[in-house]
1. What residues have an amide H closer than 5 Å to that of Ala2, excluding those fewer than 5 places away on the same chain, when H is modeled at 1.01 Å from N in the peptide plane?
2. If the chain between Asp92 and Val146 were fully stretched, how many nm would it gain, using 0.36 nm times the residue separation less the Cα-Cα distance?
3. What is the set of long-range amide H partners of Ser102 at a cut-off below 5 Å, with H atoms built 1.01 Å from backbone N?
4. Under a crude label model (7 Å from the Cα following the beta-carbon direction), how far is Asn25 from Ala85 in nanometres?
5. Show me the trypsin sites (Lys or Arg not before Pro) within the stretch 101-162 that DSSP assigns to loop and that have at most 14 other Cβ atoms within 10 Å of their Cβ.
6. Could you let me know the centre-to-centre spacing of the stretch 135-174 and the stretch 22-36, using Cα atoms, in angstrom?
7. Taking the Cα centre of the stretch 5-111 as origin and charging only Cβ (+1 Lys, Arg; -1 Asp, Glu), how large is the dipole, in debye to the nearest 20?
8. Run the quick spin-label model on Ser153 and Asp113: label points 7 Å from Cα toward the beta carbon, then report their separation in nm to one decimal.
Amino acid sequence: MAVALVGLPGAGKSAVGRRLGARLNLPFVDTDHVIEQRIGCSIRDFFEREGEIAFRDLEQTVIADLAAQPHGVLATGGGAVLREANRKQLRDRFHVIYLRSSPEDLFRRLRHDVKRPLLQVADPLGRLRELHDARDPLYRETAHEVVDTGRPSIAMLVNIIVMQLELAGIVVPGSQPEEPSD
């Protein structure tokens with residue numbers, strides 16, 4: 001089984017993915033962590049030094065490598081869907097869940113975050129709105145399912161995703177115990 005999570009920065013892809021992997025007894029992989037292991041520095045440092053195009057090239061290589069033997073739960077970077085090759089790899093090789101969040105919810109979660117290069121701007125909420133407007137159609141094109149993150153806890157989101165996977169025939173209904181609510 002292979003599930004990939006897509007969505008804007010701060011949508012919960014890593015936190016939900018980690019818990020979903022544990023719930024389904026599957027390995028969890030975060031593409032950003034794989035990239036940082038390969039480059040030996042933070043994405044932010046690489047982004048500043050090499051630029052976005054070099055980062056997107058590397059991200060595309062990592063996604064292609066992971067899609068070659070898809071298994072487990074994959075959390076992608078927020079911009080992974082910007083490249084058509086990534087969208088195709090993800091959609092063809094994984095069951096893709098779009099964790100949809102409003103720019104306002106994301107801003108509330110990320111307003112103190114200094115690690116995300118694309119949000120280090122004078123107007124982060126405006127930037128999140130721009131990212132949402134540009135990427136939402138790409139996330140929807142890539143995803144098999146859309147889950148609104150809104151205010152549910154991580155445990156509730158995992159339960160919702162497992163139900164979606166059951167409805168899609170990917171997980172046997174009732175085979176996974178429900179997450180205790182946070």
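1. Here the answer is Gly72, His95, since their amide H atoms fall under 5 Å of that of Ala2.
2. Between Asp92 and Val146, full extension yields an extra 17.8 nm.
3. So Ser102 has HN proximity to Gly150.
4. In this crude label model, Asn25 to Ala85 measures out at 3.7 nm.
5. Loop-located and lightly packed - Arg111, Lys115.
6. Computed from Cα coordinates, the inter-centre distance equals 17 Å.
7. The calculation lands at about 500 debye.
8. 2.2 nm
The values are calculated or read from the model by the stated rules, or taken from the named source; none is laboratory data. The structure presented is a predicted model; accordingly, all values stated were derived computationally and were not measured. For neighbour counting, all protein chains shown are included, and Cβ atoms are generated from backbone atoms with ideal geometry for every residue, glycine included. The accessibility values were calculated without ligands, DNA or RNA, using every heavy atom of the protein model including side chains. Shrake-Rupley method; radii C 1.70, N 1.55, O 1.52, S 1.80 Å.
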